[in-house]
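One structure is given below, encoded as structure tokens.
The values are calculated or read from the model by the stated rules, or taken from the named source; none is laboratory data. Since the model is a prediction, treat every value here as computed from it, not as a measurement. In this analysis, Cβ positions are derived from the backbone assuming ideal geometry, glycine residues included, and neighbour counts consider all displayed protein chains.
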Amino acid sequence: MVCKKRDNNNNFVHQNLINVHSNLINVHPNLINVHSHSKKQYTCDKCNKDYNTIKNYEEHIKKCKGLNILTCPKCMISFSSRFSKSNHIKRNNCKARSIIYANTTPQTNITNNNNSIITNSNNNNNTTNNFIINNFGNERTDYITFDDMIKLLKDNGSSIIPKYIQMKHYNKQFPENNNIKYDLRNGCLIKKNDKWQNIGIENISKKLINHNSGEINNFYNKNIDSIDKIFKDMQLLEYIVSKFNYLDLQLDKSYFNELKKEIKFIIKTNILI
């Protein structure tokens, strides 16, 4: 039989509840001295956000760009509260700007020499911003407008994918997407898992065709009604679509090889547009 005691209010309490934290009344004795707020264990080196679990932390770092939590990820304007930022994003009428203009959280723990962080000086306001190059496959595309895509399609499909790749990866206005580079000494490198890693240029060319043909195809399917009104010649439109349809591209071996050749040239020249 367990002996029970009464407290000052005549309530039964466990007999071993000695030295329990004053705010933890009637807590089991095995929880002695446990604070009600657990200390967060995982801190992002890019933005200093804290996470309780390794799963949430790992999901975050895949996408983190080092932005201040009150900064719009599209136009890079900072707000005084989350409410103001949320209302701004809901309106969705801001113009995309590079992260070099953002109010970023100071970087404190990244000291490696793998070019993960680039320092950019803005001569207009005499400030220096650190920004993180996006990992391959996690590029920004919010600055690529509907009109930009229509302009690509109006090239009759001859170089849709290479020009889209150049617009996305080699845009001097958005250097955070410059995550593919090439030199004679190191060959082709891509930013992956926050590190520059070697990859064969043949391999990356195929990956770029596959991934970006899918992005262009998604754009077409999402805006098919508007595009049909612009391209009234359905035969021409079918021809254009075949130039970014991956299944069609694989069937035309000659064109597929020419496509890879053009993409390799873009990679090797590293020309920013």
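Which of the residues belonging to the range 231-248 are free of Cβ contacts under 8 Å to residues at least 60 places away in the same chain and either among the aromatic types (Phe, Trp, Tyr) or surrounded by 14 or more Cβ atoms within 10 Å (Cβ to Cβ) (or both)?
Once the filter is applied, which keeps residues that are free of Cβ contacts under 8 Å to residues at least 60 places away in the same chain and either among the aromatic types (Phe, Trp, Tyr) or surrounded by 14 or more Cβ atoms within 10 Å (Cβ to Cβ) (or both), the range 231-248 yields Leu237, Asn245, Tyr246, Asp248.
Which residue is nearest to the chain's Cα centre (by Cα), if the candidates are limited to the range 169-204 and must be of a type in the set (S, T, N, Q) and more than 24 Å from Tyr143 (Cβ to Cβ)? Talk me through it step by step, then tell me what you get.
Taking the range 169-204 and keeping what is of a type in the set (S, T, N, Q), we get 171, 173, 177-179, 186, 193, 197-198, 203.
Narrowing further to those that are more than 24 Å from Tyr143 (Cβ to Cβ): 186, 193, 197-198, 203.
Values: Asn186: 26, Asn193: 12, Gln197: 18, Asn198: 21, Asn203: 22 Å.
Among those residues, the one meeting the criterion is Asn193.
Using the structure shown, decide if Phe256 is exposed (fewer than 13 other Cβ atoms within 10 Å of the Cβ) and closer than 25 Å to Ile190 by Cβ.
It is false that Phe256 is exposed (fewer than 13 other Cβ atoms within 10 Å of the Cβ) and closer than 25 Å to Ile190 by Cβ.
Of the residues that sit in the range 199-214 and are surrounded by 18 or more Cβ atoms within 10 Å (Cβ to Cβ) and of a type outside the set (A, V, I, L, M), which one is farthest from Ile180 (Cα to Cα)?
The extreme case among them is Ser213.
I'd like to check something: does the range 207-225 contain any residue that is closer than 27 Å to Gly187 by Cα, of a type in the set (Lys, Arg) and within 24 Å of the chain's Cα centre (by Cα)?
The answer is yes; a qualifying residue exists.
I'd like the full set of residues that are surrounded by 17 or more Cβ atoms within 10 Å (Cβ to Cβ), assigned to a loop (DSSP other than H, G, I, E, B) and free of Cβ contacts under 8 Å to residues at least 60 places away in the same chain, limited to the range 166-198.
Asn179
When you look at Asn138, is it of a type in the set (S, T, N, Q) and assigned by TED's automatic domain parsing to the domain that holds Lys264, yes or no?
Working: of a type in the set (S, T, N, Q): yes; assigned by TED's automatic domain parsing to the domain that holds Lys264: no.
Considered against the rule, which asks whether it is of a type in the set (S, T, N, Q) and assigned by TED's automatic domain parsing to the domain that holds Lys264, Asn138 comes out as no.
Name the one entry in Asn135, Asn114 that is assigned to a loop (DSSP other than H, G, I, E, B), over 30 Å from Ile224 (Cβ atoms) and at pLDDT 90 or above.
Residue meeting the stated conditions: Asn135.
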